[in-house]
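Scroll down for the structure; my scribbles are underneath it.
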Amino acid sequence: MELTHMNNQGRAQMVDVSGKVETTRTARARTSVELSRELKQLITDGSLAKGDVLAVAQVAGIMAAKETSRIIPMCHPLALKKVDLTFEWDGTQLIIEAFVKTKGDTGVEMEALTAASVAALTVYDMTKAVDKGIVIGPTYLLEKQGGKSGDYVR
């Protein structure tokens, strides 16, 4: 497989997607945050001094998806049509999923991965005063649809 982000001198380049057909593109990414029982209780009770952790993480993830091309050098700026994050508890593990959708000429996998990652980092930021032993990850792509490379389901 050819690495398309390299030019003929072996240096980084942004891939030319101008010849690609615009299609609906979606991606779903997942990460997790392992927290102490005490932190889970504080989050679910809404009793942390910094406020509603999951509401702030939700907004941070959405903002991050919209700004992905500004922090990942070879990502194209995209007009995203939908970004959503969900949060679910599995014991003391907070599962975060990010869903991103657009209609365009390149995929949204990086936007979904970025949204999930930044939401997890926001949880850490808002709770680190209580416990610095928080573990984030693994972070991975669950599925993507659309585009030349076809669909992917983990």
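The values are calculated or read from the model by the stated rules, or taken from the named source; none is laboratory data. What you are looking at is a predicted structure, and each value in this text was computed from that prediction instead of being measured. Cβ atoms come from the backbone with ideal geometry, glycine included; neighbour counts cover every protein chain shown. Heavy atoms of the whole protein, side chains included, go into the accessibility calculation; ligands, DNA and RNA do not. Shrake-Rupley method; radii C 1.70, N 1.55, O 1.52, S 1.80 Å.
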> Within a Cβ distance under 15 Å of residue 125, other residues only, what is the Lys/Arg minus Asp/Glu net charge?
Replying inline: +1
>> Only sites in a loop by DSSP and with at most 13 other Cβ atoms within 10 Å count here; which GluC sites (Glu not before Pro) in the stretch 3-57 make the cut?
In response: 22
> If you add up the charges near residue 115, with Lys and Arg at +1 and Asp and Glu at -1, over every other residue whose beta carbon is less than 15 angstrom from its beta carbon, what do you get?
Replying inline: +3
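Counting only protein heavy atoms and using a 1.4 Å probe, what share of the accessible area of the chain belongs to carbon plus sulfur, as a whole percent? Spell out each step's value before the answer.
Working: 4710 of 9060 Å².
Reported share for carbon and sulfur atoms: 52 percent.
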>> Place a point 7 Å from Cα of residue 44 in the direction of its Cβ. Which residues in the stretch 71-100 have their backbone N less than 17 Å from it?
In response: 87-96
> Roughly what % of DSSP beta bridges within the chain run antiparallel, to the nearest 5?
Replying inline: 100
> Stretch residue 70-residue 11 to full length: gain in nm at 0.36 nm per residue minus the Cα-Cα span?
Replying inline: 19.3 nm
> Where does the charge balance sit around residue 73 when Lys and Arg score +1, Asp and Glu -1, over other residues with C-beta under 14 Å from its C-beta?
Replying inline: +1
> Using 1/(1 + (r/R0)^6) with R0 = 22 angstrom and r between the beta carbons of residue 81 and residue 52, what's the FRET efficiency to the nearest 0.05?
Replying inline: 0.25
> For the stretch 67-145 and the stretch 6-42, what is the separation of their C-alpha centers, rounded to whole Å?
Replying inline: 8
>> Sequence gap at least 6, Cα distance under 8 Å: using those rules, report the relative contact order of the stretch 1-97 to the nearest whole percent.
In response: 33
>> Tell me the mean residue ellipticity at 222 nm calculated for the chain from its helices only (DSSP H runs of n ≥ 4, each -39500 (n - 2.57), averaged over every residue, nearest 500).
In response: -9000 deg cm²/dmol
>> Just to confirm the filter: which trypsin sites (Lys or Arg not before Pro) across the stretch 1-74 are DSSP coil and have at most 14 other Cβ within 10 angstrom of their Cβ?
In response: 11, 20, 50
